[in-house]
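Computed from the coordinates by the stated procedures, all read-outs in this text should not be read as laboratory data. Just so we're clear, the structure is a prediction, and the values are computed from it rather than from any experiment. Cβ placement follows ideal geometry from the backbone for every residue including glycine, while neighbour counts extend to all protein chains displayed.
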Amino acid sequence: MNGRRILLVVSGGIAAYKVPEIVRALTRSGHEVRCVLTAAGAEFVSPLVLQSLTGNAVRQSLFDAGEEGAIGHIELADWADAVVVAPATANLLARLAHGLADDLASTVLLATRAPLLVAPAMNVNMWEHPATQANLTTLRERGVRFVGPDAGELACGWEGQGRLSPPEEIAAETGLLLGSLSLAGACVVVSAGGTREPIDAVRSLTNRSSGKMGYALAAEAALRGAEVRLISGPSHLPTPAGVERIDVETSLEMRDAVLADFERAAIVIMAAAVADFRPAEASERKIKKEDLAEDAGLQLQLVRNPDILAEISAERGNRIVVGFAAESHDVLAAARRKLKRKGCDLLVANDISRADAGFETDENAVILLTPDGASEELPLLPKPEVAARIFDRIEKLREDRR
Ligand code: CTP
């Protein structure tokens, strides 16, 4: 398992004294660890110890301007590939089950979309209390995974279930959690944004693509455990957590970058708006009006760019290749022709004539088309939601192929 980003949430119980061992086991496996301590957690384990072992500042408060300035709580929630709560007290389980967000730990737990592993530790009577058991059922139903608690002698003097699982076991379960993500071990290449084709030293041909759809796809692939390579045209969007971004400008650079990662890719998604044409010659100097005849226009000679999607579709082997289609009229018929021409496994068609979807918007309404003639029209949805639906379809295609 490659090194991943683990957020370790530590709540207040005597078992917190074992947390440094959990951190060591996780970092030994190559993971990067950041810790969030609840106020009670800080009574049992020193932030300084955790900071020294993780090499990262330990976060304790939602309202510390300095800490929030360095990395905000939502950033922290987004940063994690997996979140581990150890030890989890009865109180933290209750707050998690009921969606409370009254301190940093519970807020981050509510905000994250990363998978969650919880290692409870508490007195046996608290563990067996119907309230705790009901919370447990709720959390299990929501997909939260649990490790322990083990039975034995408890710090409070009672015997029974309530001991924190051994640190090595918690680390191993974390590995399983990461490995069980649906795209774990798969390399996903996503191209995004528009390309920029230079005319001269200051001018270029480009298009209105913002990159939002491609960036949302890259973020979704990372959430599903993939190794993600985001090949991006010029864009001001932040790089999603867990994503490796490669910046390119021209279509030819984008082609080179896509081909460089093609061998190891399991899935390639061409969400970029690749320029079909580029100036035949780009002047290294600025084209000056004084160099032209008085009142003369300027003729630009354009040549075709290679069609990256068609090229990789032809060579795809076992890979799943996904293309996009930006269409302004007769969307379904045009997209169907495009799917045939490009030869990819899935085509995502956009109606760019709509003002509320497509270029530069936060939402998108797309139609998913496959070569068997099937089409599925999705409603207008936020782009991250569209990305999730596209990956559901891609995973289905992978399953069918297996
Ligand atoms: N594409 C590509 N290489 C190109 C042009 C487009 O890989 N030189 C990819 C895009 O990333 C997208 C798909 O092809 O996934 C369709 O792009 P689109 O602009 O809709 O179609 P075009 O092939 O450019 O066809 P047309 O402009 O005639 O509609």
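Applying 1/(1 + (r/R0)^6) with R0 = 22 Å to the Cβ-Cβ distance of E168 and V49, what FRET efficiency is obtained, to the nearest 0.05?
With a Förster radius of 22 Å, E is 0.75.
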Original post:
Which order results if R264, R113 are arranged by neighbouring Cβ count within 10 Å, fewest first?
Top reply: R264, R113
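Rounded to the nearest 5, what % of the DSSP beta bridges within the chain are antiparallel ones?
Around 30 percent of the beta bridges assigned by DSSP in the chain are antiparallel ones.
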Original post:
Which far-off residues, 5 or more places away or on another chain, put their amide H under 5 Å from the one on V366, with H placed in the peptide plane?
Top reply: L378
Original post:
Once the piece of chain linking R341 and L298 is laid out straight, how much longer is it, given 0.36 nm per residue of separation minus the C-alpha distance between them?
Top reply: 12.1 nm
Original post:
Lys/Arg Cβ at +1, Asp/Glu Cβ at -1, dipole of the stretch 314-402 taken about the Cα centre: which of L381, T361, F324 is farthest positive-ward?
Top reply: F324
**OP:** Using Cα positions and a limit of under 27 Å, work out the lysines in reach of K212, with same-chain residues fewer than 8 apart set aside.
**Re:** K338, K340, K342, K383, K396
**OP:** With a Förster radius of 35 Å, plug the Cβ-Cβ distance of R140 and A65 into 1/(1 + (r/R0)^6) and report the FRET value to the nearest 0.05.
**Re:** 0.40
Original post:
For the chain, what's the relative contact order in percent, using C-alpha pairs closer than 8 Å and at least 6 residues apart?
Top reply: 11
Original post:
Each label point is 7 Å from the Cα along the Cα-to-Cβ direction; what then is the distance between the points at H329 and R208, in nm?
Top reply: 1.6
Original post:
In what sequence, highest mean first, do 281-291, 229-239 appear when ranked by Cβ atoms within 10 angstrom?
Top reply: 229-239, 281-291
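Sum up the charges of everything whose Cβ sits under 15 Å from the Cβ of G343, counting Lys and Arg as +1 and Asp and Glu as -1, but leave G343 out.
Net charge around G343: +3.
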Original post:
Expressed in nm to one decimal, what extension gain is obtained for the pair N318 and R402 from 0.36 nm per residue of sequence separation less their Cα-Cα distance?
Top reply: 29.2 nm
**OP:** Order the peptides 214-221, 172-179, 271-278 from the highest to the lowest mean number of other Cβ atoms within 10 Å of their residues.
**Re:** 214-221, 271-278, 172-179
**OP:** Show that you can apply the helix-only estimate: for the chain, add -39,500 (n - 2.57) for every DSSP H stretch of four or more residues, divide by all residues, and state [θ] at 222 nm to the nearest 500.
**Re:** -10500 deg cm²/dmol
**OP:** Report Rg (one decimal) and Dmax (nearest whole number) for the stretch 5-177, counting Cα atoms only, units Å.
**Re:** 14.8, 45
Original post:
Of all DSSP beta bridges located in the stretch 187-401, what percent are antiparallel, nearest 5?
Top reply: 35
Original post:
Where nothing but the Cβ of Lys and Arg (+1) and of Asp and Glu (-1) is charged, how large is the charge dipole of the stretch 5-177 around its Cα centre, in debye to the nearest 20?
Top reply: 240
Original post:
Which three semi-axes in whole Å describe the equivalent ellipsoid of the chain, each the square root of 5 times a Cα gyration tensor eigenvalue, listed largest first?
Top reply: 49, 24, 18
**OP:** With unit charges on the beta carbon (Lys/Arg positive, Asp/Glu negative), name the residue among V190, P130, L110 whose Cα is farthest towards the positive pole of the charge dipole of the chain.
**Re:** V190
**OP:** Just report the Cα centroid separation between the stretch 59-129 and the stretch 328-402, whole Å.
**Re:** 36
Subject >> Charge-dipole axis of the stretch 5-177 as Lys and Arg at +1 and Asp and Glu at -1 on Cβ define it, positive-most pick from G160, G72, V83 >> reply: V83
